[in-house]
Amino acid sequence: MTQHAALIGLGAHLPPRQVTNDDLSRTLDTSDEWITTRTGIRTRRWATPGQATGDLAVEAGHRALKSAGLAPEPGAVDALVLATTTPDHPCPATAPRVAARLGLGPVAAYDMGAACSGFVYALATAAAQISAGQARRVLVIGAETMSSLLDTGDRTTAVIFGDGAGAAVLTAVPDAAAPGVLLGTDLGSDGSGFDLAYVPGGGSREAAAGPVRDPAAHTLTMQGEKVFAHAVTRMADSVTSLLGRVGWAAGDVDRLVGHQANIRILTSLARRLQFPVERLVLNIDRVGNTSAASIPLALTDAVAAGELAAGDRVVLAAFGGGLSWGSIALTWPEIAAV
């Protein structure tokens, strides 16, 4: 019997350190007005010294399992997928250690590297595992400490990115029309734009163990205007293709949950799709761009605020470095975020 992947749990965690626009303006040539006008961000969270991506992921994972009514123990899930651009170490992957810290036993656990599209890619991969009969339940986590990649003297990146983690639990159900079932996915990439948002050093092309040519090579660089144009176009095309697959019109969608990269990107996306701006789910003002953690953080906030209700037709859309992009459609289930 074909199994379908349904969302049954949702959780999120933010580090305690809050960094406001005013805080940044003390050391950067910027202001609260400049940042807010151009990005929509007012504050963000950065990890405290010694706090890593895995720490945030463990807490978000605990909360998602609790939301799903599951204890963090062996047998709770069959796999863990961790979407991150900022793993605890270059080697090994962070996911197995997160699974061990959660007490999940010897489950399959692996990292998913698709930058800001990571959570959408991870959900799609987890759903495919369930549909193939390889897993009954999967814990999917998006977690980032983007502050670890920032040149805090570069206002083009330092004002944008934040840290955090969000997680979801998917389970197998036999009914394709059940609430929470991922009804369709659309994924894509264009590697010709790999350098529009990337960290040059630290990989095999410029290994951290070798001679350091330029310390800046190990921080994130971004060509903002080009990223903006690609983000709007690629997400719009992905969502349009997805809606065609699931048989929805743009007007059928109750909530569009886009990657929280920039308020102008999100509103431009809505206009391009002829989608009411008021139906966008937004929390970028409070958390900034948290890369792979962005969408689950936004979903958790929306549930807590009563902005998502059971039966809502929801579309997730993301765009990130790679270049990579993707979208997912589902009918929202009755769920309590933690």
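The values are calculated or read from the model by the stated rules, or taken from the named source; none is laboratory data. All of these numbers come straight from a predicted model, not from anything done at the bench. Glycine also receives a Cβ, built like all others from the backbone with ideal geometry; neighbour counts cover every protein chain displayed. SASA here: full protein model, heavy atoms, side chains in, ligands and nucleic acids out. Shrake-Rupley method; radii C 1.70, N 1.55, O 1.52, S 1.80 Å.
Things to note:
- Conditions (1) acidic (Asp, Glu); (2) closer than 28 Å to THR37 by Cα; (3) open to solvent by less than 50 Å² (accessible area, probe 1.4 Å): number failed by GLU278: (3)
- ASP237 vs. criteria among the charged types (D, E, K, R), in a loop (DSSP other than H, G, I, E, B) and within 27 Å of LEU123 (Cβ to Cβ): no
- For segment 152-192, taking the residues that are open to solvent by less than 10 Å² (accessible area, probe 1.4 Å) and at pLDDT below 95, the one that is nearest to GLY40 (Cα to Cα) is identified as VAL159.
- Criterion (open to solvent by 10 Å² or more (accessible area, probe 1.4 Å), within 15 Å of the chain's Cα centre (by Cα) and at pLDDT 95 or above) met by exactly one of THR300, THR331: THR300
- Residue that is within 24 Å of LEU316 (Cα to Cα), open to solvent by 10 Å² or more (accessible area, probe 1.4 Å), modelled with pLDDT of 95 or more and not polar (S, T, N, Q), where the choices are LEU7, LEU82: LEU7
- Taken together, GLY244, GLY251 contain a single residue that is modelled with pLDDT of 95 or more and part of a helix (DSSP H, G or I), which is GLY244.
- Flag set for ASP190, criterion: among the charged types (D, E, K, R) and under 18 Å from GLY224 (Cα atoms).
- Per the conditions (1) under 21 Å from THR171 (Cβ atoms); (2) open to solvent by less than 30 Å² (accessible area, probe 1.4 Å), the sole criterion not satisfied by ALA114 is (1).
- Residues that are of a type in the set (Gly, Ala, Ser) and in a loop (DSSP other than H, G, I, E, B), drawn from segment 302-331: ALA305, GLY306, ALA309, ALA310, GLY311, GLY321, GLY322
- Every residue from segment 26-51 that is in a loop (DSSP other than H, G, I, E, B), surrounded by fewer than 17 Cβ atoms within 10 Å (Cβ to Cβ) and out of contact with any helix residue (DSSP H, G or I) (no Cβ under 7 Å at 6 or more places or on another chain): ARG26, THR27, THR48, PRO49, GLY50
- All conditions but one from (1) closer than 29 Å to ALA60 by Cα; (2) not in a strand (DSSP E or B) apply to VAL257; the one that does not is (2).
- Residue in segment 198-207 that is hydrophobic (A, V, I, L, M, F, W, C) and open to solvent by less than 20 Å² (accessible area, probe 1.4 Å) present: no
- Residue within segment 213-230 that is closer than 20 Å to PRO296 by Cα and at pLDDT 85 or above present: no
- Evaluating ALA93 against the criteria (1) aliphatic (A, V, I, L, M); (2) within 27 Å of THR219 (Cα to Cα); (3) in contact with a Pro (Cβ under 7 Å, 6 or more places away or on another chain); (4) open to solvent by less than 30 Å² (accessible area, probe 1.4 Å) leaves one unmet condition, (4).
- Conditions (1) in a strand (DSSP E or B); (2) out of contact with any Gly (no Cβ under 6 Å at 6 or more places or on another chain): number failed by LEU187: (2)
- Spans of helices (runs of 4 or more DSSP H) in segment 72-158 with at least 2 residues farther than 30 Å from ASP32 by Cβ: 95-101, 118-131
- One residue stands out among those in segment 136-145 that are of a type outside the set (Val, Ile, Thr) and open to solvent by less than 10 Å² (accessible area, probe 1.4 Å): the one that is nearest to ALA6 (Cα to Cα), which is LEU139.
- Consider segment 96-111 and keep the residues that are among the aliphatic types (A, V, I, L, M) and open to solvent by 40 Å² or more (accessible area, probe 1.4 Å). The one that is nearest to GLY184 (Cα to Cα) is ALA108.
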